[in-house]
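We did not get these values from a lab; they are worked out from the coordinates using the rules stated. Keep in mind that what you see is a predicted model, and the values were worked out from it rather than measured. Quick reminder, even Gly has a Cβ in these numbers, built from the backbone with ideal geometry, and neighbours come from all protein chains shown.
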């Protein structure tokens with residue numbers, strides 16, 4: 001069925017420059033490149049024919065070949081259909097003016113009149129337009145940390161575009177471009193492999209979202225391997241160190257406040273970013289019901305409590321324990337750990353590209369807000385609790401991400417294996 005717009009013997013029909021072959025229509029056929037929408041005008045003056053190429057492009061499988069409109073699969077379907085209709089109305093008006101003046105127009109006469117009247121009413125969305133669309137849609141799901149990470153990723157990539165004098169495009173980005181970005185991060189701005197992998201993971205997640213939303217069919221960015229990473233220095237508090245912490249009264253109140261906040265994390269596995277939700281939580285039958293924000297949205301965790309953790313959370317409820325910023329907590333727990341005597345040197349390995357870097361620092365400098373969460377997971381595993389049970393209370397999406405929080409000392413591992421191998 002054609003879409004006809006009549007003016008005497010004049011009609012306008014819509015077509016694609018490169019349509020799907022008729023024998024493949026109605027199948028799962030897809031084309032990775034967009035094609036222009038064409039307006040075919042017949043019954044005009046002496047020429048009787050005018051073919052006008054619009055500025056609007058769509059995927060051929062997003063076109064309705066019966067109704068001659070863009071289907072809902074295209075994110076801009078409504079704007080394109082509306083603007084095409086307006087363009088047809090302008091063309092009809094031009095032809096009508098010629099006829100009122102008694103002029104029998106040629107093809108060039110009509111083109112000359114069309115060009116100055118046609119204005120682009122829909123801009124081609126850029127890489128960063130899609131980036132902002134995603135950020136707006138995810139704003140209620142993302143934590144503040146995720147929002148900051150997205151801002152940093154955007155700044156890094158825009159810096160890359162500026163230095164390399166190019167523009168990223170969701171339809172053309174591939175593993176070669178990702179490799180160039182990776183090389184820039186490693187060789188020119190000297191980022192550690194762990195940071196580079198995080199940036200590229202964030203970029204691939206964005207591109208996957210563009211695919212899921214049908215903004216592009218490009219998948220050529222998939223397949224780039226991550227750079228080698230060494231295990232970071234992941235410190236935890238042992239049971240003995242937790243007892244030492246409990247029994248220590250520090251000189252300053254702000255350190256005693258931070259100590260209690262840290263103990264809540266060690267006893268519940270909560271992220272420090274979720275502490276602000278504690279006042280909105282509640283306890284029922286020694287279970288803490290608290291809503292946390294995850295990548296895929298909000299989730300209510302049910303965390304079993306002991307007498308100590310109940311007392312600490314009730315102190316949060318009544319204002320005795322004050323919630324502080326993540327930065328202050330990181331600073332204070334380092335001071336606390338230093339005063340507890342955690343001053344031995346620890347070593348770890350980092351990589352810049354293929355270059356190995358041997359690092360060392362005092363143990364207390366490697367302790368932060370995440371140490372409490374790691375301590376919770378590690379000490380439960382040392383007590384024989386299955387990781388499949390622990391993961392329910394830490395709120396991790398999978399075992400891979402959960403395993404990053406576990407740090408069983410080698411001496412403990414050796415002892416566990418020996419005991420397991422002994423005959424009864």
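Summary table below
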read-out	value
Extension gain, residue 71 back to residue 247 (0.36 nm per residue minus Cα-Cα distance, nm)	56.6 nm
Cα gyration tensor, the stretch 322-398 - rounded (a/c under 1.5), prolate or oblate	oblate
Rough spin-label spacing in nm, given labels placed 7 Å along Cα→Cβ, for residue 339 and residue 365	2.1 nm
R0 of 51 Å, Cβ-Cβ distance residue 276-residue 32: FRET efficiency to nearest 0.05	0.70
Normalised contact order of the stretch 127-212, rounded percent, pairs of Cα under 8 Å and 6 or more residues apart	37 percent
Span from the the stretch 122-153 Cα centroid across to the the stretch 245-284 one, whole angstrom	32 Å
Modelled FRET efficiency - R0 30 Å, residue 174 with residue 145, Cβ distances, 0.05 increments	0.50
Size descriptor, Kirkwood hydrodynamic radius, that averages inverse alpha-carbon separations across the chain, Å	27.0 Å
Potential lengthening between residue 408 and residue 208 on full extension [0.36 nm per residue; Cα-Cα distance subtracted]	68.5 nm
Length-normalised contact order of the stretch 11-117 in % [C-alpha pairs under 8 Å, at least 6 apart]	22 percent
Packing-based ranking, highest mean first, of 90-96, 264-270, 149-155 given that Cβ atoms within 10 Å are counted	264-270, 90-96, 149-155
Candidates 307, 375, 187: whichever shows maximal mean-square fluctuation once the chain is modelled as a Gaussian network with Cα springs under 10 Å	307
Residue-span extension gain [residue 287 to residue 90] - 0.36 nm each, minus C-alpha spacing	64.1 nm
Rounded tilt (10° steps) of 253-268 against the dominant C-alpha axis of the chain	70 degrees
Angstrom value of the Kirkwood radius, inverse mean 1/r, which spans all Cα pairs in the stretch 127-212	13.5 Å
Degrees, to the nearest 10: 127-138 long Cα axis against longest axis of the chain	60 degrees
Distance between modelled label sites at residue 25 and residue 326, nm, 7 Å Cα→Cβ extension	5.3 nm
Simple spin-label estimate for residue 17 and residue 418 in nanometres, 7 Å along Cα-Cβ	7.5 nm
Mean separation of Cα contacts under 8 Å (6+ apart) over length of the chain, as relative contact order %	12 percent
Debye equation applied to the C-alpha atoms of the stretch 239-421, log10 I(q)/I(0) at 0.08, 0.11 Å⁻¹	-0.28, -0.53
R0 of 30 Å, Cβ-Cβ distance residue 388-residue 137: FRET efficiency to nearest 0.05	0.40
Cα long-axis angle, helix 77-100 against the chain (0 to 90 degrees, to the nearest 10)	20 degrees
Burial ranking of peptide ranges 190-198, 238-246, 168-176 (average Cβ count within 10 Å, highest at the top)	190-198, 168-176, 238-246
Debye intensity ratio in log₁₀ form over the Cα atoms of the stretch 53-164, taken at each q of 0.16, 0.20 Å⁻¹	-0.91, -1.09
